[in-house]
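K.L.:
One structure is given below, represented as structure tokens, and several questions about it will come after.
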Amino acid sequence: MTNQDLNLIDATSEERALFYKKTYTHLALAFLVFIGVEMLFLSSDAIINIGLSMTQGYTWLIVLGAFMFITHYAEKWAAGTENVQLQYAGFLLYIVAEAFIFVPLLYMAIFVAEDPYLLQKALVTTLALFTGLTAVVVLTGKDFSFLKSILTVGFIVALGIIVAGLIFGFDLGLVFMGAMVLLAAGSILYQTSNIIHKYHSSQYVLASLGLFASFMLLLWYVISIFLSRD
């Protein structure tokens, strides 16, 4: 292991601070890129129509399957330590895929919902939750790696419920959305803990991708909850 690829536990305080700065800077930039791509998508009637149609029936299963496939390769590319260009390509691929899958939800929040401030409220709520969960990890220094198996089982169960809902046509409801918020919160704790205890100093792209994925999952279900109340 080179001096440029230290486990953060063994790195100096300056190296850790630089890693954290790079990770959260990439996270912020990723969200800005997401907003830019989403604005382009929402300005296209063709993409909006595709986005709205893909939520109908079994089409959403295909979309979820494609998203999981893209996520797998995006994370695989971002995890590489040799090819920096491939790391960023994986991250960008994930951001674009996330922006596309958000099209129908954001269309509903912006153009259909009666509350004109719904999206702002959801974003502020998500940011507050994300900041609070991050503070828990940073202030306690606790290793939340034990959440990995819980999150894995939780996501499998959630996916099963989503598939069952699409097949049998039942509404997942507010309770499911609340459970997914808890699952997303656990994912944020896990990913933030990894930044402190797991990653090497060269893996800031992978670290920021993990945080971005967790943040967007939380945002999705917070928006969904606000929409269900609108």
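K.L.:
Mind checking the alpha-carbon convex hull of the stretch 151-230 and giving the volume per residue in Å³? Could the numbers behind the result be given before it?
P.N.:
On the way: hull volume 7.2 nm³, N = 80.
Cα convex hull per residue, to the nearest whole number: 90 Å³.
K.L.:
According to a simple spin-label model (label point 7 Å from Cα along Cα-to-Cβ), what is the distance in nm between THR25 and LEU64?
P.N.:
If labels sit at LEU64 and THR25, their model points lie 3.8 nm apart.
K.L.:
Work out which GluC sites (Glu not before Pro) in the chain are exposed loop sites (DSSP not H, G, I, E or B, at most 13 other Cβ within 10 Å) and give the longest gap free of them.
P.N.:
Values: sites that count: GLU82, GLU114.
Excluding the exposed sites themselves, the longest stretch runs over 115-230.
K.L.:
Report the chymotrypsin sites (Phe, Trp or Tyr not before Pro) located in the stretch 95-136 that are in a DSSP loop and have at most 11 other Cβ atoms inside 10 Å of their Cβ, or state none.
P.N.:
Numbers: sites: PHE100, PHE102, TYR107, PHE111, TYR117, PHE130; in loops: PHE102, TYR117.
Sparse-neighbourhood loop chymotrypsin sites (Phe, Trp or Tyr not before Pro): TYR117.
K.L.:
OK, next. On a 0 to 90° scale, report how tilted helix 173-197 is relative to the longest principal axis of the chain, with both axes built from alpha carbons and the result rounded to the nearest 10.
P.N.:
10 degrees
K.L.:
FRET efficiency for ASP45 and LYS121, Cβ-Cβ distance as r, R0 = 35 Å, nearest 0.05? Working shown, then result.
P.N.:
On the way: r = 27 Å, r/R0 = 0.77.
That gives a FRET efficiency of 0.80.
K.L.:
Using only the alpha-carbon atoms, how far is helix 13-42 inclined from the longest principal axis of the chain? Give it as 0 to 90 degrees, nearest 10.
P.N.:
Approximately 20 degrees, to the nearest 10.
K.L.:
Taking Cα extents along the principal axes in Å as the quantity of interest, determine which of (1) 99, 44, 30; (2) 45, 41, 41; (3) 53, 34, 33 was computed from the displayed structure.
P.N.:
After the calculation, the listed value that fits is (3).
K.L.:
Solvent-accessible area per residue for the chain at a 1.4 Å probe radius, Å²?
P.N.:
Details: 12090 Å² over 230 residues.
Result: 53 Å² of accessible area for each residue.
K.L.:
On to the next question. Go ahead and estimate [θ] at 222 nm for the chain from helices alone: -39,500 (n - 2.57) per DSSP H run with n ≥ 4, summed, over the residue count, rounded to 500. Mind dumping the intermediate values first?
P.N.:
Details: 9 runs with 179 residues, N = 230.
Estimated from H runs of four or more residues: -27000 deg cm²/dmol.
K.L.:
Let me ask another. With the crude spin-label approximation of a point 7 Å out along Cα→Cβ, what separation in nm comes out for LEU147 versus LEU182?
P.N.:
About 1.4 nm separates the two model spin labels.
K.L.:
Still on this structure, I have one more. Hey, what angle do you get for helix 147-168 against the long axis of the chain, alpha-carbon based, 0 to 90 degrees rounded to 10?
P.N.:
20 degrees
The values are calculated or read from the model by the stated rules, or taken from the named source; none is laboratory data. Model, not experiment: these values are computed from the prediction. Note that we place each Cβ from the backbone using ideal geometry, even for glycine, and neighbour counts take in every protein chain shown. Ligands, DNA and RNA are excluded from the accessible area calculation, which covers all protein heavy atoms including side chains. Shrake-Rupley method; radii C 1.70, N 1.55, O 1.52, S 1.80 Å.
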